[in-house]
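Asks: The structure follows.
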Amino acid sequence: MALVTTKQMFSDAIHSDYAVGAFNVNNMEIVQGITEAAQEEHSPVILQVSAGARKYAKPAYLKKLVEAAIADTGIDVALHLDHGADFETCKQCIDDGFSSVMIDGSKYTFMENVELTKKVVDYAHERGVVVEAELGTLAGIEDDVIVDNSDAVYTNPTQAVEFVEKTNVDSLAIAIGTSHGAYKFKGTPRLDFERLGKISKLLPETPLVLHGASSVLLEFVNSCNQYGGKIPGAQGVPEDMLKKAAEYTICKINIDTDLRLAMTAEIRKYLSEHPEEFDPRKYLSPARDAIKNMVIHKMRNVLKSSGHA
């Protein structure tokens, strides 16, 4: 099929009870696992690339991997820049053929964020590319984005309306209690659904985005720990909360940590059981299957996006 923007995906999802998964990619096996899952589930899918992934895999390689996945599976894919730190990074990705970019100006003042976002939106829209922005700040770690819990700020509903009107942004990432990385909640994990409801009501036609939405499933944390190394006690967003969020105008839910845990657990398990093995194909094949199975689980049981492509 084709490389597409998120416009139609979000238009279909915004007033339904499902959300589109945005899965972070770093290498060939992850791209293959995600797109094969989307093909089997007939689900819309977004492949997103962080600054760290661009540096690690190099932009040209990532773009060609996505093109190859589209040719191999015959599905539509949106290619999205995750957490663009500045105008130049977003411009590079737009010029390189990304169909969607995120400009993250959440660390700036409200008006500075508006100005930066508007600059990216103007450049992107002239070239048929859609833009996601962020208002409010999530705690946790996402590549080079590090925010302490004490610095996290929830999104102000009224301010969100002003932000969208001033920037003409296509989708808005909001802060309602999720966090980047395999972090540990202080107390019971909680999403502010009252705040989400207010934002959805005030912006009924604006697709909303949840970052930091991995659930950090205990099964994979324990497996990683069982077969070597030690992942500190971690807790993510319960999957039933994510399903509930998708019933509002949340159209895009970002998932990265759960993929990393599933892949790492499988690699550690394989090498523990086959200590003599040194062929990467032998341990990366089951790792790719672990990615695929995790994405199928998310699409089918959490995002509820299966059958909506």
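Asks: Suppose we filter 234, 213 for residues that are within 25 Å of residue 106 (Cβ to Cβ), at pLDDT below 95, open to solvent by less than 10 Å² (accessible area, probe 1.4 Å) and outside any strand (DSSP E or B); which single one remains?
Replies: Working: 234 fails: open to solvent by less than 10 Å² (accessible area, probe 1.4 Å).
Step by step, each of 234, 213 is checked, and only 213 is within 25 Å of residue 106 (Cβ to Cβ), at pLDDT below 95, open to solvent by less than 10 Å² (accessible area, probe 1.4 Å) and outside any strand (DSSP E or B).
Asks: When the residues of segment 114-142 are filtered to those that are surrounded by fewer than 19 Cβ atoms within 10 Å (Cβ to Cβ) and within 16 Å of the chain's Cα centre (by Cα), which remaining residue is modelled with the lowest pLDDT?
Replies: Top of the filtered list is 141.
Asks: Select from segment 70-98 the residues that are of a type in the set (Gly, Ala, Ser) and either open to solvent by 10 Å² or more (accessible area, probe 1.4 Å) or at pLDDT below 95 (or both) and write down the one among them that is nearest to residue 55 (Cα to Cα). Before the answer, list the steps.
Replies: Taking segment 70-98 and keeping what is of a type in the set (Gly, Ala, Ser), we get 71, 74, 78, 84-85, 97.
Okay, now just the ones that are also either open to solvent by 10 Å² or more (accessible area, probe 1.4 Å) or at pLDDT below 95 (or both), so 71, 74, 85, 97.
Values: 71: 25, 74: 28, 85: 14, 97: 17 Å.
It comes out as 85.
Asks: Next question. Picking from 284, 202, which residue would you name as being modelled with pLDDT of 95 or more, under 20 Å from residue 160 (Cβ atoms) and of a type outside the set (Phe, Trp, Tyr)?
Replies: Working: 284 fails: under 20 Å from residue 160 (Cβ atoms).
Sole residue among the options that is modelled with pLDDT of 95 or more, under 20 Å from residue 160 (Cβ atoms) and of a type outside the set (Phe, Trp, Tyr): 202.
Asks: How many of the residues in segment 66-82 are among the hydrophobic types (A, V, I, L, M, F, W, C) and in a loop (DSSP other than H, G, I, E, B)? Quick ask: steps written out before the conclusion?
Replies: Taking segment 66-82 as the starting set, the residues that turn out to be among the hydrophobic types (A, V, I, L, M, F, W, C) are 66, 68-71, 75, 77-79, 81.
With the extra rule that they be in a loop (DSSP other than H, G, I, E, B), the set shrinks to 75.
Here the count works out to 1.
The values are calculated or read from the model by the stated rules, or taken from the named source; none is laboratory data. Since we're looking at a predicted model, the values are computed, not measured. We place every Cβ from the backbone using ideal geometry, glycine too, and count neighbours over all the protein chains shown. Accessible surface is based on the protein model in full, side chains and every heavy atom, while ligands, DNA and RNA are left aside. Shrake-Rupley method; radii C 1.70, N 1.55, O 1.52, S 1.80 Å.
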